[in-house]
Structure formats: structure tokens, C-alpha cells
1. Go ahead and estimate [θ] at 222 nm for the chain from helices alone: -39,500 (n - 2.57) per DSSP H run with n ≥ 4, summed, over the residue count, rounded to 500.
2. Can you work out the PRE-style zone for residue 388? Point 7 Å along Cα to Cβ, and I want the residues of region 405-420 with backbone N under 16 Å.
3. Starting from the 7 Å offset along Cα-to-Cβ, what nm value, one decimal, do you get for the label separation of residue 372 and residue 296?
4. Report, in listed order, any pair from 121/166; 94/194; 16/266 with a Cα-Cα distance greater than 19 Å.
5. Can you tell me the order of 405-412, 155-162, 333-340 when each peptide is scored by its average per-residue count of other Cβ atoms within 10 angstrom, highest first?
6. Treating only the Cβ atoms of Lys and Arg (+1) and Asp and Glu (-1) as charged, compute the dipole magnitude of the chain about its Cα centre; round to the nearest 20 debye.
7. Round to the nearest 10 and give me the degree value, 0 to 90, for the angle of helix 311-321's Cα axis relative to the longest principal axis of the chain.
8. Evaluate the relative contact order of region 339-423 (contact order divided by residue number), counting alpha-carbon pairs under 8 angstrom at least 6 apart; express in whole percent.
Amino acid sequence: MPIDVLLGLQWGDEGKGKVVDFIAPSYQVVARFQGGPNAGHTLVMNGEKHVLHQIPSGIFRPDTVNVIGNGVVLDPAVFYKEVVALEAKGVEVKQNLFLSNRTQIIVPTHKLLDRASEASKGDQKIGSTLKGIGPSYQDKYARQGLRLGDILSRDFEGRYQELRNKHLELLEKGGWDSDELADMESLFFESLDKIRRFQIVNTEYLLNDCLTKGQSILAEGAQGAMLDIDFGSYPFVTSSSTTAAGACTGLGIAPRHIRKVIGITKAYCTRVGSGPFPTELHEETGEKIRQAGHEFGSTTGRPRRTGWLDLPALRFANMVNGTTEMLIMKGDVLDCFDDIKVCTAYHDNDGNVSSELPYDMVRSEVHPVYHTLEGWPTGLHEANSWDSLPDSFRRYCKFIEDQTGVPIRIVSTGPGREQTIER
């Protein structure tokens, strides 16, 4: 069986967790292929909210195998805290969860380095979640990082001390303190002792064996395409490949196995932290969307920046990912508007209009060209089929399809698992 890739098409927070949970019954395996505890995949089931940071969103399905791939960076303390919370809710975690022995570990000093780096940037902060993601990926590519399989070796503590001392030397040179380190290390090693009891395996063999046996796999991405290290709004991006190509390198699967790329977008745009955001709404309208959509970071709690849908960015994300179908989330949030704007192109200060995403969104001063569509103030919550959706909302979806050339397969009409309409 082939692999389907599910990923965000914006700046993250598109609603991937809910979608994975909804479509998971169609797959035997759900595998996370990149990112770390900076991700926050929110699911609402039976009115109860669940936020997953590192564990794949298929974990709530007892018959689904869940895999944390080699492209992920894992914080042992955050991971085990998540395990405890899930088990307290009656979720069986250990039996259905496999961790790649090639997964990079976030050590305590990675977090200290992250904080120091962000603080040193002053007004040029990139909006890091301060979870140690960037420094962990830096060590990976500097070929000095520690991997999950290393915790099973006898010389792990010595290797840990060697890396820790390199980090402390950097912190000392910069004049940054490390007073919290002792407490952080205590929790770190306590968590590692518990993680050693999990199934830490060669997941690339496991996944390819699943393919050979005809099992279907859903590759779950974190963040969004516009935060990709290569194709996102650099340098205000994450440290991993959030695009479909990242599923291959982050899981150890060949490109020929990919069948579908399922892209998720909100009916509007949001962004957490710094970075360019052409359609951002700074006044009352933006705040109205923020409150209606409960747009606060599931990992950081920070208010998300809000704006109208950006089609040039969405077309670009679809292009680099080879998106085969889209899912529209949070259309219900726009119920309160009589008219809804969509950015169809950009214009610069000289009046030049382009539908392409600039190479450097930070220094390219672009302004949105808007098209206005009729809203759907009658609401989406009561709809239970495509035909029962308001006509104006279906026209909105048709406009997006026409502009992007990608069909819409699913729309979400609310946060609950049951508030999902398959076309």
C-alpha cells in the first residue's frame, strides 16, 4: 500500500490533529516525520480538549500503530509528561507507539542555548518557542547530536557530558547563566529511565515492512509549509523540512511510495511569533477572528496574529508539496462576517502586481490585492452534509479551488470530531 502525507499549508496551527484523528481509521499506521515539542496538535473529542506535542495524533485509535520518525527531535521530559497525561485518560500508549532510534534528543542545554540565542536578537527575534528545537537540529547537522538509540548504550552519560560541556562553554562565553540546569537535568534523566522501557527500534524497517505487507501509512507533519527551512518565510521559519519531501527523509521511505499529499488550510490565516504576514489584520477585524477562533498557541499560549486567506502563499505551498487535495478548517469562525476578503495577488509600492510569492518576504514590501466574497452569517455548525452548507460558503470553497487548481475534500464546521464534512 502507498503512503499518504498530511501537512499544513500555512504557518502552522491549521488543525492537523483533528484531521489525523478523523481520517486515522483509514490507515493502519500514523507516523510523525519532523518537528518537536514546538508542535501542538489539538483534538476535541466528546467535548474534551487534547493537545499532542510529540506523540502522533493516531494514538487515540487503539488499532493504529503510531511511529515517531527519525526526522523528529524529542524532548524526553515533555514526551513522558505527555505519556502520563494520555494514560491518565485511559489511552494505551506503550503498546502502539514505536520510536525511531535515529530520533535526535533535545538535551537541557539546548533549551538554555535557545533562550540565549533568542534574547540576543533583541528586536529581531524570530519568535522561537524556546523548546530547544533549533539548537537540537544544529547539533544534528554539526554531527554531534545525541540520538534516542544512544540512551541504550553504556557510554551514554559520558557522551552526554561531552555535549553538555560544549554547550556550557558557549553559554559562558556569551555571559548567559545556567542556574536552572541541575533541576532540568534531574527531570531529563528521570524521563530517560522511563523512555528506555518503550519500543525504540529501526522504524525505517518497520515502516517499509508495513508497506510490503500492504498496510496503509499516514505521514503526519508538524508546523506548516510556510515555516519550511527552505521554502518558508526565511529566516522566520522552523528548523526542519515541513513539506512533503520531509516525509521521505524523516521516515526513511522512498518517494515512489507516496500516493496523496493532503494539505490543510484554515479559511483564513494565522501566524504565531515574528515574521512577514501580508494579510495580517491589526484592528478590530483581526481581534474578532482571534476571539471567535480561540486563536492562542496550543504550545505557547501566545495570541496568534490573524488575517484574511492568502492565495499566493497557498498556491506556492500547493506547488512545492504537490498537494492532491485540500481540507478547509475553521470556516465556522468567519460566520460573523457579512463580507469576506481573500488576497489573490500582491502589489508593491510602485504598483506592480504579482501572484507569485517573493523570494524574500521580509524585505519585499508587498501589499495584498483583495477580492471580496459574500459571507455566510447563517452559520456552519448545523450543517451535516456538503449540500446543507450555506451556498455562499460553497462558493467560497469553489473560488479557492478555482484559484489553486486543487480540489477540496473535507471541510470542518467546528472543533469536534463529528463536526467534519467529507465531500
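Bear in mind these aren't lab numbers, they're just calculated from the coordinates by the rules spelled out. It should be emphasised that the depicted structure is a prediction, and the values quoted were computed from it without experimental measurement. No Cβ is skipped: glycine too gets one built from the backbone with ideal geometry, and neighbour counts run over all protein chains shown.
1. Working: 11 runs with 129 residues, N = 423.
Helix contribution divided over all residues of the chain: -9500 deg cm²/dmol.
2. Backbone N within reach: 411-420.
3. Calculated label separation equals 3.3 nm.
4. Details: 121/166 21 Å; 94/194 11 Å; 16/266 10 Å.
Those over the limit are 121/166.
5. Details: 405-412: 19.0, 155-162: 12.8, 333-340: 16.8.
Highest-to-lowest ranking by the protection proxy: 405-412, 333-340, 155-162.
6. On the way: 46 positive and 56 negative charges, 227 e Å.
It comes to approximately 1100 debye.
7. Relative to the chain, helix 311-321 is tipped by roughly 50 degrees.
8. Details: 100 pairs, mean separation 20.3, N = 85.
Worked out over region 339-423, it gives 24 percent.
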